[in-house]
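To keep things clear, I will list the structure first and then write my remarks on it.
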Amino acid sequence: MGIIETHDLRFVYGKGTPFEKVALDGVSISIEQGDFIGVIGHTGSGKSTLVQLLNGLLRPASGQILLNGSDIWAKPKKIRNVRFEVGLVFQYPEYQLFEETVYKDIAFGPLNKGIKNKDELDRIIRTAAEFAGLKESLLEKSPFDLSGGEKRRAAIAGVIAMQPKVLILDEPTAGLDPRGRDRILDRIRAYREKTGSTVLLVSHSMEDIARVADRVLVMNHGRVEMFDVTKNIFRHGERLSEIGLRVPQVTQVFLELKHLGADVRTDVYTMDFAKGVALDFLSRHDATTEQPDRPPAENSSAGETAEGGEAQ
């Protein structure tokens with residue numbers, strides 16, 4: 001049994017109005033404890049709706065969401081408790097910062113969860129800040145005085161501080177420069193490795209997903225298109241392109257080589273993987289390439305001497 005499961009999940013926006021739209025239709029998935037799941041899909045595929053349902057912010061029109069085997073909507077009045085177990089970091093979460101200091105902002109979640117002991121609270125706040133990559137010197141600053149990347153990490157720390165069993169991040173690197181993006185991804189990966197928590201990362205960046213995710217959930221028009229280990233997902237690069245997803249650039253290179261007739265794999269999704277595949281292809285190519293014909297060497301004793309004169 002997974003830590004989170006959905007069974008025939010369906011959600012409709014604007015139900016009963018002229019603007020009715022089915023956002024999810026029959027979604028059934030199982031996510032195991034400790035999984036690092038990448039969630040991808042074209043705009044409007046349902047990925048953001050799905051993670052808000054997992055967190056209990058939205059209620060399904062039909063179907064079930066199970067957390068550790070229990071329906072999260074079995075007791076609607078206690079749905080708030082689910083949000084402590086399944087933490088959700090929204091896209092551009094820095095816009096949700098509101099306290100006087102970063103320290104108080106990170107403390108908000110644990111305090112609402114019921115952590116009252118000052119020493120325990122302090123430990124939780126500083127641990128969350130460390131996981132998020134925030135320097136201790138920033139904790140007493142106003143969150144509005146931080147850089148964009150620092151604000152993003154402060155917001156992530158606020159969710160981590162609630163010590164959720166499942167951490168969901170919706171486009172956490174959106175709008176960041178490459179260096180800021182790498183820092184966020186590295187901190188998320190380190191957090192998961194140290195805590196064993198389950199992580200769901202929603203992203204438009206296939207490079208980000210390829211870099212960190214163990215399994216990938218591909219959404220397409222409110223349904224599950226694929227859900228498999230990462231390397232298997234990128235074997236379907238052409239299909240991913242068909243449904244409006246931009247595969248990693250390195251994958252696209254190998255797809256083009258295949259179209260040009262090269263006998264190469266197309267499930268390449270990282271640079272390290274690409275190097276190995278390229279070397280393998282070149283070694284096979286060299287082994288099968290015919291060597292040009294060369295005239296046989298003449299025998300100097302029967303023909304010419306080593307000095308080029310005639311034998312006596």
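Bear in mind that the values in this text are calculations on the coordinates, not laboratory data. Not measured: the values here are computed from a predicted model. Neighbour counts run over all protein chains shown; Cβ positions are idealised from the backbone, glycine included.
For this structure, a couple of remarks:
- Selection of segment 1-12 for residues being part of a strand (DSSP E or B) and either under 21 Å from the mean Cα position of the chain (by Cα) or exposed (fewer than 14 other Cβ atoms within 10 Å of the Cβ) (or both) yields I4, E5, T6, D8.
- Of the criteria (1) out of contact with any Asp or Glu (no Cβ under 8 Å at 6 or more places or on another chain); (2) closer than 30 Å to G16 by Cα, which one L111 fails: (2)
- Residue match in segment 160-180 (condition: aliphatic (A, V, I, L, M), crowded, with 23+ Cβ neighbours inside 10 Å and in a helix (DSSP H, G or I)): yes
- Total residues in segment 192-206, condition under 26 Å from L146 (Cβ atoms), buried (at least 20 other Cβ atoms within 10 Å of the Cβ) and touching a helix residue (DSSP H, G or I) at 6+ places or on another chain (Cβ under 8 Å): 6
- Residues in segment 87-120 that are aliphatic (A, V, I, L, M), under 25 Å from D186 (Cα atoms) and part of a helix (DSSP H, G or I): V102, I106, A107.
- Qualifying residues in segment 241-268 (those that are in contact (Cβ under 8 Å) with a residue 24 or more places away in the chain and assigned to a helix (DSSP H, G or I)) - the one surrounded by the most Cβ atoms within 10 Å (Cβ to Cβ): T251
- In this structure, M219 does not qualify as more than 9 Å from the chain's Cα centre (by Cα), outside any loop (DSSP other than H, G, I, E, B) and without any contact (Cβ under 8 Å) to a residue 24 or more places away in the chain.
- Between G114, G158, G109, the distinction of being under 24 Å from I4 (Cβ atoms), free of Cβ contacts under 8 Å to residues at least 24 places away in the same chain and out of contact with any strand residue (DSSP E or B) (no Cβ under 6 Å at 6 or more places or on another chain) belongs to G114 only.
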